[in-house]
Amino acid sequence: MAETLKTRLGSLELKNPILSASGTFGYGKEVESFVDPSVYGGIVGKSISLEPRKGNPLPRTWETASGMLNSIGLQNPGIDAFISDPSYLPRMSAYDTRVVVNLVGDTVDEYVEMARRLDSESAVDALELNISCPNCPLGGMEFGVDPEATRRLVEAVRENFSRTIIAKLTPNVTDVVPIARAAEAGGADALSLVNTYVGMAVEWRQRRPRLGGITGGLSGPAIKPLALRLVWLAAQNCEIPIIGIGGIMNTDDVLEFIVAGASAVQIGTVQFIRPRIALEIIEGLGEALRELGAGSIGELVGTLETDRDAITVRQADEDGGEEVPVGE
Amino acid sequence: MSTSDCQPSDYIAPSASEVVSNRQIGPDWYVLRLREESIARRSEPGMFVQVLCNDGESFDPLLRRPFSVYCADKENGTYDILYTTVGRGTRWMAALPDPETTASGESPVKVDVLGPLGNTFSTPGEDETVYLVGGGVGVAPLYFLALHLLALPAPPKIHFCMGARTGEFLQGIEDFRKLPIETHVATNDGSEGFHGFVTDLFVELWKDAGSAENARIYGCGPQGMNESLRNLSIENDLACEICLESMMGCGFGICFGCVAPIRKDADSDFINRRICWEGPVFNSTLLCPGIEG
Ligand SMILES: Cc1cc2nc3c(=O)[nH]c(=O)nc-3n(C[C@H](O)[C@H](O)[C@H](O)COP(=O)(O)OP(=O)(O)OC[C@H]3O[C@@H](n4cnc5c(N)ncnc54)[C@H](O)[C@@H]3O)c2cc1C
Ligand SMILES: Cc1cc2nc3c(=O)[nH]c(=O)nc-3n(C[C@H](O)[C@H](O)[C@H](O)COP(=O)(O)O)c2cc1C
Ligand code: FES
């Protein structure tokens with residue numbers, strides 16, 4: 001039997017597990033001269049809000065060791081233009097791939113209003129709720145740090161959107177598990193994690209922050225080990241599929257997330273450097289399946305073998321990483 | 001549109017450019033000549049390339065570095081980058097071997113480059129006098145433009161004005177002096193040429209020429225220079241295009257890191273537009289006072 005790269009997020013089937021991450025792919029049109037967006041299993045556009053947003057002051061990016069900080073500030077054209085302007089949703093819907101619309105709001109009502117309008121746009125296969133942006137005082141983050149607020153938000157969107165709902169979680173919390181469970185309880189079909197880690201860079205001579213937004217979100221290979229841990233914890237503690245995000249640079253990284261429990265992944269920052277990386281990874285995944293003798297991606301999801309379960313490890317981490325004897 | 005508008009062979013892919021030469025032309029200034037046919041063929045003045053400043057096995061430095069194309073030889077498939085060393089990436093470039101001076105027989109050194117990216121300058125009218133106004137390493141795209149204009153069937157009259165802090169920072173000038181154009185320099189401390197800003201030098205030259213309305217300015221330099229060029233072109237109603245720089249995350253429109261308040265046309269509002277995607281060359285009337293807003 002030929003290997004298949006197909007994977008599922010609840011009832012949504014993807015032809016392969018590679019999605020573009022929100023804010024790192026424009027809305028598809030921008031990458032067309034580099035790669036055909038249809039090669040992706042799914043594409044996620046930059047966060048859309050009810051009203052247009054002009055974003056944060058400059059500078060908006062700063063490179064760090066094997067990573068980058070950004071404080072773009074959710075610049076976007078707003079939901080009206082997104083739906084009607086031919087460069088946004090109409091163009092995304094013409095690609096042969098799953099279209100995921102990432103939403104950000106300041107209130108539950110804003111998310112609900114956008115979800116309702118997108119429910120009648122058949123081109124939209126899924127919503128991804130950004131409840132985790134570190135770059136705006138009202139960037140959805142306060143939902144994502146509170147389990148109860150997360151549950152209520154997802155529930156409200158659930159009532160107004162009939163297809164797949166993904167909740168995108170922030171890593172900027174003490175414990176991601178209660179938030180992940182709350183999103184699941186609220187009716188999310190899948191979870192995506194992680195968004196960026198909030199951080200900062202300083203120019204000491206001028207005594208100034210490097211970013212116009214002062215703080216920003218850290219992405220890139222620097223965050224991969226941190227993201228892997230959270231994906232593993234979420235996968236161990238939830239029934240719904242997980243989309244792994246954070247620092248993925250190549251096929252090996254994708255497989256690490258899949259083995260740790262992700263049913264699909266999103267690639268972000270790497271696309272800035274290698275706009276054709278999705279093609280390479282998709283080819284590499286086929287080879288990896290053959291090497292392992294696996295028939296599908298699904299056979300690998302969550303196959304990490306550990307000597308201790310996630311609950312014990314999480315407890316030990318919280319106690320300051322105290323060593324727990326193997327086999328205990 | 002299951003496959004997008006462009007044919008696969010047209011995709012811009014990161015490609016291995018072979019180092020032909022890497023010459024130091026002054027303290028901290030270098031010219032890197034690379035061979036890659038498709039980049040050389042597609043490059044136009046104002047466009048830039050994104051250079052990966054590591055051997056590809058490392059993720060550090062992570063992001064590519066943007067550089068204007070300094071010139072391109074379409075027949076031989078080579079293109080040049082004029083660069084100054086300011087940090088890790090440019091120091092890595094300076095440390096690339098110069099095959100013209102090192103022993104032959106060694107395998108060619110390749111650099112991973114994405115491009116060319118961005119837009120180009122518009123062509124002047126036949127009766128227009130061209131003023132190229134550059135500050136520091138901002139002269140790079142203006143050199144390519146000068147070559148391009150000189151190759152037109154009826155080349156315009158061209159003045160090139162270069163500004164620098166002191167005479168020591170005028171290294172790029174030699175290549176311009178070899179061209180059949182009028183070259184002028186300004187230094188902030190008066191150590192060479194006109195004493196003052198390059199924009200004031202331009203105004204002098206332009207007034208000497210009778211404040212002619214058919215002057216067309218092409219500028220590229222530090223923020224302050226670009227800003228005064230914008231202002232004086234608008235005050236005097238002169239055609240002017242400015243090549244902007246910004247910190248870049250991607251260089252092709254997907255990160256929204258490189259914006260400035262720029263309007264679509266003279267009647268519309270200033271909104272944050274991406275310098276890499278809609279520029280880097282903009283008509284000065286579309287730029288906001290202060291440029292970065
Ligand atoms: C469109 C464009 C064209 C350019 N053309 C030239 C050229 O022809 N010759 C030349 O010498 N330089 C040019 N620059 C500036 C050049 O990109 C920076 O000097 C270079 O990125 C510095 O890299 P570094 O690693 O040496 O410095 P570092 O200080 O270590 O860089 C750290 C980070 O800051 C970014 N960065 C630093 N300075 C700049 C800057 N001025 N613009 C954009 N990003 C910056 C780097 O990309 C990197 O992400 C151009 C910039 C742009 C945007
Ligand atoms: C420049 C930039 C802009 C981003 N914008 C958004 C956004 O608008 N909405 C969102 O949910 N995530 C946004 N993200 C986060 C990414 O989707 C992703 O979660 C994060 O970058 C981690 O993945 P990576 O390390 O592969 O980049 C952005 C990331 C970057 C680097
Ligand atoms: S540098 Fe990324 S949008 Fe311009």
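Bear in mind that the values in this text are calculations on the coordinates, not laboratory data. Quick caveat, the model's predicted, so the values are computed rather than measured. Here the Cβ positions follow ideal geometry from the backbone for every residue, glycine too, while neighbour counts run over all protein chains shown.
May I ask you to compute the full-extension gain from residue A:51 to residue A:174, defined as 0.36 nm times their residue separation minus their alpha-carbon distance, rounded to one decimal in nm?
41.1 nm
Looking at chain A only, what percent of DSSP beta bridges run antiparallel? Nearest 5 please.
Antiparallel: roughly 40 percent of the beta bridges in chain A.
Between residue A:6 and residues 5 or more places away or on another chain, which pairs have amide H atoms under 5 Å apart, with H built 1.01 Å from N, and which residues are they?
A:297
Hey, could you get me the Stokes-Einstein D for chain A, Kirkwood radius over alpha-carbon pairs, 25 °C and 0.890 mPa s, rounded to whole µm² s⁻¹?
Answer, rounded: 124 µm²/s.
Between rounded, prolate and oblate, where does the range B:142-240 land on the alpha carbon gyration tensor, with a ≥ b ≥ c its root eigenvalues, rounded for a/c under 1.5, else prolate if a/b exceeds b/c?
Oblate shape, in that a/c is at least 1.5 and b/c is the bigger or equal ratio.
Taking the Cβ of each residue in A:197, B:143, B:218 as the centre, tally the other Cβ atoms inside 10 Å and list the residues starting with the fewest.
Details: A:197 20, B:143 23, B:218 28.
Fewest to most other Cβ atoms nearby, the residues stand as A:197, B:143, B:218.
On average, how many beta carbons from a partner chain sit within 10 Å of the beta carbon of a residue in B:243-253?
Working: counts 0, 0, 0, 4, 8, 2, 12, 11, 3, 8, 7.
Mean partner-chain Cβ count within 10 Å for B:243-253: 5.
To the nearest 20 Debye, how big is the dipole of the range B:8-117 about its Cα centre, given +1 on the beta carbon of each Lys and Arg and -1 on that of each Asp and Glu? Before the final figure, lay out the partial values.
Working: 11 positive and 16 negative charges, 55 e Å.
It comes to approximately 260 debye.
Going by Cα centres, the range A:213-229 and the range A:242-264 are how many Å apart?
Computed from Cα coordinates, the inter-centre distance equals 15 Å.
Using R₀ = 51 Å, calculate the FRET efficiency as 1/(1 + (r/R₀)^6) where r is the Cβ-Cβ separation of residue A:280 and residue A:159; round to 0.05.
0.80
For chain B, what is one quarter of the convex hull surface built on the Cα atoms, given in nm²?
Working: hull surface 69.0 nm².
Average of the hull's projected areas for chain B equals 17.3 nm².
Within a 10 angstrom radius of the beta carbon, how do A:290, A:158 rank from fewest other beta carbons to most? Intermediate results must be reported in sequence, preceding the final value.
Details: A:290 11, A:158 16.
Sorted ascending by nearby Cβ count, the order is A:290, A:158.
Cα-Cα over 29 Å: which of A:54/B:110; B:178/B:264; A:46/B:74; A:54/A:168; B:110/B:157; A:168/B:110?
Details: A:54/B:110 40 Å; B:178/B:264 38 Å; A:46/B:74 38 Å; A:54/A:168 22 Å; B:110/B:157 39 Å; A:168/B:110 40 Å.
In this structure, A:54/B:110; B:178/B:264; A:46/B:74; B:110/B:157; A:168/B:110 lie more than 29 Å apart at Cα.
Could you identify which residue out of A:176, A:44, A:313 has the top mean-square fluctuation in a GNM of chain A using Cα springs shorter than 10 Å?
A:313
So what's the projected area for the range B:8-117, the Cα convex hull averaged over all directions, in nm²?
7.4
What fraction of the DSSP beta bridges in the range B:129-286 is antiparallel, stated in percent and rounded to the nearest 5?
20
Looking at the range A:139-259, what % of its DSSP beta bridges pair antiparallel, to the nearest 5?
Here the share of antiparallel DSSP bridges comes out near 50 percent.
Calculate the FRET efficiency for residue A:317 and residue A:214 from the Cβ-Cβ distance with a Förster distance of 45 Å, rounded to the nearest 0.05.
Computed FRET efficiency for residue A:317 and residue A:214: 0.95.
Would you work out the charge dipole size for the protein assembly as shown about its Cα centre, treating the Cβ of every Lys and Arg as +1 and the Cβ of every Asp and Glu as -1, and quote it to the nearest 20 debye?
480
Looking at B:51, A:150, A:58, which one has the Cα that reaches farthest to the positive end of the dipole of the protein assembly as shown (charges on Cβ: Lys, Arg +1; Asp, Glu -1)?
Most positive-ward Cα: A:58.
If each of residue A:84 and residue B:231 carries a label point 7 Å out from its Cα toward its Cβ, how far apart are those two points in nm?
Going from the residue A:84 label point to the residue B:231 one covers 4.0 nm.
Please work out the Cα center distance from the range B:105-150 to the range B:265-288, rounded to the nearest Å.
20
Using the Cα gyration tensor of the range B:221-293, with a ≥ b ≥ c the square roots of its eigenvalues, what is the shape: rounded (a/c below 1.5), prolate (a/b larger than b/c) or oblate (neither)?
Verdict is prolate for the range B:221-293.
Pop the C-beta distance of residue A:305 and residue A:250 into the FRET formula with R0 = 25 Å and round what comes out to the nearest 0.05. Please report the intermediate quantities before stating the final value.
Details: r = 23 Å, r/R0 = 0.91.
My answer for the efficiency is 0.65.
Return the inverse of the average 1/r over all pairs of distinct C-alpha atoms in the range A:236-311, which is the Kirkwood hydrodynamic radius, in Å to one decimal.
By the Kirkwood definition, the hydrodynamic radius is 13.2 Å.
Tell me the label-point distance for the pair residue B:200, residue B:100, using the 7 Å Cα-to-Cβ offset, in nm and rounded to one decimal.
Between residue B:200 and residue B:100, the label points sit 3.7 nm apart.
Assigning unit charges at the beta carbon (Lys, Arg +1; Asp, Glu -1) and nothing else, what dipole magnitude in debye, to the nearest 20, does the range B:145-186 show about its Cα centre?
80
For residue A:192, list long-range residues whose amide hydrogen, built 1.01 Å from N in the peptide plane, is under 5 Å from its own amide hydrogen.
Distant-sequence amide H within range of residue A:192: A:167, A:168, A:169, A:243.
For the residue pair residue B:154 and residue A:113, what label-to-label distance in nm results when each label sits 7 Å from Cα along the Cα-to-beta-carbon direction?
About 5.8 nm, to one decimal.
So if I average 1/r over every pair of distinct C-alpha atoms in the protein assembly as shown and take the inverse, what Kirkwood radius in Å does that give?
Here the Kirkwood hydrodynamic radius works out to 26.0 Å.
Under 1.5 on a/c is rounded, so check that first for the range A:1-128, then, if it is not, pick prolate when a/b is larger than b/c and oblate when it is not; a ≥ b ≥ c are the square roots of the alpha carbon gyration tensor eigenvalues.
Oblate, because a/c is 1.5 or more while a/b does not exceed b/c.
Gap in Å between the Cα centre of the range A:279-312 and the Cα centre of the range B:165-194?
When both Cα centres are located, 61 Å separates them.
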